[in-house]
Structure formats: structure tokens, C-alpha cells
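What follows is one structure encoded as C-alpha cells, with my remarks underneath.
The values are calculated or read from the model by the stated rules, or taken from the named source; none is laboratory data. The model shown is predicted, which means the values in this text are computed figures rather than measured ones. Note that each Cβ is placed from the backbone with ideal geometry, even for glycine, and that neighbours are counted across all protein chains shown.
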Amino acid sequence: MLQLLANGIVFGSIIALGAIGLTLVYGILKFGNFAHGDTMSLGAYLALLFLDLRLPFPLAAVLAIGVSIGLAIAIDRYLYRLFREKGSIILLIASVGVALFLRNVILLFWGPDLTYYSRAIQISHLILPGIRLNNIDVMIIMVTAALIVLVHLFLKLTNIGKAMRASSDNMELAEVAGIDTQRVIVWTWCVGTALAVIGGIMLGMENGLRPPMGWELLLPLFAAAILGGIGQPYGAMAGGLIIGIAQEVSTGFLSTAYKPAVAFIIMILVLLIRPQGIFGVSRRWM
């Protein structure tokens, strides 16, 4: 059980990063971005592309983040912005189309087969009695913890972070108050996409790369965002860890095939019992 708990923390860390980006987009733009999971996949494959060009892994990851951010901003400017006044349902449908496009781009250039950043076997290290984690597991937990702290400081201390919080509460009022809401939207895509790509790279390091891996992660991402309170980045952090732990611990009693069902059941229960989520309040970002 301790090992399953540790595995859940590792997997929950990846979900948390993706869920933060998902809830940031919802908090500012008020729509569920179904392309978020495939953005994670594309970022992970872009890192593989730069690795194949013999670049160091940190540089490959940074370049993958930069290209993914540029693509996300371009998609928002030339697609989502056209439908923004037509309502969140139209935007949601548009994001499904973007998700299909990104997944087929991956299939076109990299094919459907499972691939890896490196085929070297990771040596497990005994961290605590009854728990074994390899160096990638430890790195995922540490990087996620550092990024969560950075996101907190960004939202609380920087001017753009404060502007994002104000825009989340009321976009029109924030614009009247002099906040450059277009700049806020760009920063939202920058932060959300960067976290998604890092999460996708971590998932690829942990389990290998497959074109549908981001799409398959979408249900746990939404479950984490809803559990924490949709539009609540801090809730998404906690929700991601809870969903990850619940899914991994469930494998001690159920087949691993039922892991997505665990996330779905948790999401349904939250929607029935506490629709605003465990961190949901009358105002977001608090």
C-alpha cells in the first residue's frame, strides 16, 4: 500500500501540472479546453524531436515549451478568438477539433508506436521501508513541487498574476479598470501550456510516448480540476494529487483497466455532492 501511495504521488504530480493549466484557461476564458491533453502529448513529442537533433535534454525541453506556447497563442489568436463571443460551448467544440488535429499531426510525423526518450533501465532506490522510487520518480515530485511554488508566487506577487486573478473574477470590469486583458490571455496560454508540456514530458519519461497519451489523461485532468474547484489553480494542485493517489491505490483492489473509472466516479460524486469543488468559493483564486 505504501508503494501504491508513492506511485500515486508521482502520477498525481503529473496530473496536477496539467490540471493547473486546464483550470487557468477556464478561469480566464471560461471554457473547457479539450485540446489540453493533446497539447501535453505534442510538447512531449517536440522534446523527442529536439533530442533526436542531439540537443541536451534541458534545452530540448525548453525549446519544446517555447514552440508549444507559440502554437497555443497562434491557435487562440486565429481560431478561439473568432468564437469567443459565441459562447463556451462553441469554444469547447472548437477545442475538440484542435485536439483531433494535434493528435493526427503526432501520428503523421511520429507514427502510432510506443517510443522512449531513452531505453536505459532506471535503477530503483530504496527511499523508505516498503517504497521504491527511481530517479525519474524523485525528479517528477521535486520539479512539480518547485513549479507549484513558482505558480503561487507568480499569481500572488507579480503584476500580471494579479491581473489574471482580477480578470478571472470579472473580465469586463478588469478591462474597464485599465487591465490589458489581451496580455492577460496571452500570459494565460503561456503559463498553462508551459505546465502542460512539462507534465507531458514527465509522463513520457515515466511511461514512454504514445500519441493518445494526452487524450487518455484528459479525464483525470478534468476530474482533478473539478475536484479542486474549477477555476481554482490551488484546488487543481490538490485535486491532481488526490486523483493520482486514488487511481494508483485502486489497483491494489481492482484491475488497472478500471483506473479511468475511478477518476470518473470521483468527478461524478463531486458534481453531485459539492459541485463547486472542495476548494470552491464564491470567488476564484483566493
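A236: at pLDDT below 90, surrounded by 22 or more Cβ atoms within 10 Å (Cβ to Cβ), in a helix (DSSP H, G or I) and among the aliphatic types (A, V, I, L, M), yes or no? Here the answer is yes, as A236 does meet what is asked. Restricted to segment 86-125, and to residues there that are small (G, A, S) and at pLDDT below 90, the residue that is surrounded by the most Cβ atoms within 10 Å (Cβ to Cβ) is S88. Scan segment 260-276 for residues that are crowded, with 19+ Cβ neighbours inside 10 Å and more than 18 Å from T23 (Cβ to Cβ) and the total you get is 1.
Considering (1) surrounded by 18 or more Cβ atoms within 10 Å (Cβ to Cβ); (2) under 30 Å from L71 (Cα atoms), the lone condition that R183 does not fulfil carries the number (1). With L195, L155 as the choices, which residue is in contact (Cβ under 8 Å) with a residue 40 or more places away in the chain and in contact with a Pro (Cβ under 9 Å, 6 or more places away or on another chain)? That would be L155, the only listed residue that is in contact (Cβ under 8 Å) with a residue 40 or more places away in the chain and in contact with a Pro (Cβ under 9 Å, 6 or more places away or on another chain).
Quick one: A257 ticks every box in (1) outside any loop (DSSP other than H, G, I, E, B); (2) surrounded by fewer than 18 Cβ atoms within 10 Å (Cβ to Cβ); (3) in contact with a helix residue (DSSP H, G or I) (Cβ under 9 Å, 6 or more places away or on another chain) except a single one, so which number is it? So A257 meets the others, but not (3). Against the numbered list (1) more than 18 Å from the chain's Cα centre (by Cα); (2) within 19 Å of I140 (Cα to Cα); (3) buried (at least 21 other Cβ atoms within 10 Å of the Cβ), F57 comes up short only at (3).
Within segment 21-48, if we keep just the residues that are part of a helix (DSSP H, G or I) and of a type in the set (F, W, Y), the residue that is farthest from I69 (Cα to Cα) turns out to be Y26. Against the list (1) over 29 Å from S168 (Cβ atoms); (2) part of a helix (DSSP H, G or I), the condition R54 fails is (2).
Here A223 meets the list (1) surrounded by fewer than 24 Cβ atoms within 10 Å (Cβ to Cβ); (2) among the small types (G, A, S); (3) closer than 18 Å to H36 by Cα almost entirely, failing just condition (1). Candidates I141, I160: the one that is farther than 22 Å from F34 by Cβ and touching a Ser or Thr at 6+ places or on another chain (Cβ under 6 Å) is I141. Look at segment 62-84: where a residue is among the polar types (S, T, N, Q) and modelled with pLDDT of 90 or more and a partner is surrounded by 19 or more Cβ atoms within 10 Å (Cβ to Cβ) and in a helix (DSSP H, G or I), sitting 6+ places away or on another chain with Cβ atoms under 8 Å, you get S68/T39; S68/L42; S68/G43; S68/L46; S68/T193; S68/A194; S68/A196; S68/V197. Please find, among L241, L219, the residue that is out of contact with any Pro (no Cβ under 9 Å at 6 or more places or on another chain) and part of a helix (DSSP H, G or I). None of the others qualify; the one that does is L241.
Taking the criterion of being assigned to a helix (DSSP H, G or I) and free of Cβ contacts under 8 Å to residues at least 12 places away in the same chain, the residues of segment 264-278 that qualify are I265, I268, L269, L272, I273. Could you tell me whether any residue of segment 191-212 is buried (at least 22 other Cβ atoms within 10 Å of the Cβ) and not in a helix (DSSP H, G or I)? The answer is yes, given that some residue of segment 191-212 is buried (at least 22 other Cβ atoms within 10 Å of the Cβ) and not in a helix (DSSP H, G or I). With respect to the conditions (1) buried (at least 22 other Cβ atoms within 10 Å of the Cβ); (2) at pLDDT 90 or above, Q247 falls short on a single one, namely (2). Tell me, yes or no, whether segment 182-191 has at least one residue that is closer than 18 Å to S13 by Cβ and touching a residue at least 24 places away in the same chain (Cβ under 8 Å). Yes, because at least one residue in segment 182-191 is closer than 18 Å to S13 by Cβ and touching a residue at least 24 places away in the same chain (Cβ under 8 Å). For G18, the test of being at pLDDT 90 or above, closer than 15 Å to V96 by Cα and assigned to a helix (DSSP H, G or I) is failed.
One line per residue, one yes/no per condition, for (1) under 18 Å from the mean Cα position of the chain (by Cα); (2) among the charged types (D, E, K, R); (3) at pLDDT 80 or above:
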| site | (1), (2), (3) |
| --- | --- |
| P129 | no, no, no |
| I140 | yes, no, yes |
| N159 | no, no, yes |
| A166 | no, no, yes |
| D180 | no, yes, yes |
